1. Filter region 60-85 for residues that are open to solvent by 60 Å² or more (accessible area, probe 1.4 Å), in contact (Cβ under 8 Å) with a residue 12 or more places away in the chain and over 14 Å from S113 (Cβ atoms) and give the result.
2. On the given criteria, is L8 among the hydrophobic types (A, V, I, L, M, F, W, C), modelled with pLDDT under 95 and assigned to a helix (DSSP H, G or I)?
3. When residues of region 86-110 are filtered for being open to solvent by 60 Å² or more (accessible area, probe 1.4 Å) and assigned to a helix (DSSP H, G or I), how many remain?
4. Please give the number of the condition G55 fails out of (1) over 23 Å from A45 (Cβ atoms); (2) open to solvent by 60 Å² or more (accessible area, probe 1.4 Å).
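The values are calculated or read from the model by the stated rules, or taken from the named source; none is laboratory data. What you see is a predicted model, and the numbers here were worked out from it, not measured in a lab. Every residue, glycine as well, gets a Cβ built from its backbone with ideal geometry; the counts of neighbours run over all protein chains shown. In case anyone asks, the SASA skips ligands and DNA or RNA and just uses the protein heavy atoms, side chains included. Shrake-Rupley method; radii C 1.70, N 1.55, O 1.52, S 1.80 Å.
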Amino acid sequence: MKRISVCLFVPLLVISLLPCKNTEASNDLITTTCEKTMYKELCIASLRSDKDSSGSDLQGLGKISLKITLADANEIQGYISELLKKDGKPFLQQCLKDCSENLQDAILEIKDSIAAIDSRSY
């Protein structure tokens with residue numbers, strides 16, 4: 001199953017924490033929330049793939065999106081680490097190191113965001 005990349009979940013998180021209008025479409029909160037994103041089908045598929053999404057509120061969907069993003073970020077970090085072990089051009093190695101550092105910072109921010117959702121400190 002495809003997962004939403006790190007960059008796609010930040011807007012989803014912001015949108016999912018906004019109040020939702022009480023309309024007929026609100027019956028399916030995932031669809032309603034994902035309608036506000038650029039990649040609606042991918043958003044819906046990703047959120048519905050999580051067993052905890054059924055019956056989740058906006059806070060729950062935000063946390064699910066961050067957990068999926070964290071898993072993807074960790075997977076990418078592992079891939080970058082493997083690339084860094086290979087001999088390569090110095091410029092490429094420096095680019096990978098920079099990318100790895102930025103991604104590690106993003107991973108820490110995602111973890112902080114999950115903790116903020118848990119404590120309702122948004």
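1. Residues satisfying the conditions are N74, I76.
2. Criteria met by L8.
3. So the answer is 13.
4. (1)
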